[in-house]
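Some notes on the structure that comes next.
Any read-out appearing in this document is the output of simple, stated calculations on the displayed coordinates, not a laboratory observation. Predicted model only: the values in this text are computed from it and were never measured. Note that we place each Cβ from the backbone using ideal geometry, even for glycine, and neighbour counts take in every protein chain shown.
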Amino acid sequence: MSNLVAKIQENYGEYVISTKEFRGEHTVVIKLDAVKAVMLYCRDHLGLDLLIDICSVDHESVDPRFEVVYEITKLDNSERIRIKVPVAEDEEVITVSDIWATADWHEREIYDMMGIRFTDHPNLKRILMWEGYPYHPLRKEFPLAGKPTEMPDVAFTGVAPMEGGPFVTSSTATNTVSAEPRAKGES
């Protein structure tokens with residue numbers, strides 16, 4: 001068992017649902033009502049000062065249906081941990097954007113794609129889909145082919161959005177560095 005996992009269990013044992021170690025990666029599953037306290041503890045007492053990612057999983061036929069997954073580490077990457085939180089379809093997760101500013105966009109994307117709401121988020125609005133879009137495209141029931149929409153089909157207008165713009169790319173480049181966009185006239 002990792003030292004991080006042991007400290008979380010020692011201080012928040014009543015909120016820990018389970019722990020798991022797989023190939024050197026440690027995961028702690030906690031109850032929804034402990035998110036803020038555990039995240040503050042991880043940052044302030046365990047020194048986990050970098051939130052790498054927040055994502056979500058739709059288990060569809062399991063209750064609770066969703067999981068929100070936090071990947072946090074030390075800035076020097078010497079220690080890291082994964083915190084998972086089961087979330088029912090009608091529940092909201094407290095935001096951690098006041099703990100780690102990077103959580104802002106991750107939480108907005110989860111809200112947009114999965115429909116999971118984050119309480120006290122400073123700007124919880126859609127980030128990829130337009131406001132008023134009635135679906136959440138990463139949910140399991142969303143069809144792979146998509147759903148019909150009244151929006152114009154901007155992806156096939158015939159004119160590339162950056163055509164004639166300040167950057168050029170090389171699709172015939174032999175490596176990824178030379179294929180990167182460059183300002184016109186740069187070699």
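Sort Asp76, Asp58, Asp53 so that the residue with the fewest other Cβ atoms within 10 Å of its own Cβ comes first and the one with the most comes last.
Working: Asp76 9, Asp58 20, Asp53 12.
By the 10 Å Cβ count, ascending, the order reads Asp76, Asp53, Asp58.
Structural descriptor for segment 1-78: relative contact order 20 percent, calculated from alpha carbon pairs under 8 angstrom and at least 6 residues apart.
Taking the Cα centre of segment 3-152 as the origin, how large is its charge dipole in debye, to the nearest 20, when only Lys and Arg (+1) and Asp and Glu (-1) carry charge on their Cβ atoms? List each step's numbers first, then the result.
Values: 18 positive and 28 negative charges, 55 e Å.
Computed about the Cα centre, the dipole is about 260 debye.
Going from the residue with the fewest nearby Cβ atoms within 10 Å to the one with the most, Ser78, Ser56 rank Ser78, Ser56.
Put in line by how crowded their Cβ is, counting other Cβ atoms within 10 Å and starting with the fewest, Asp98, Asp120 read Asp120, Asp98.
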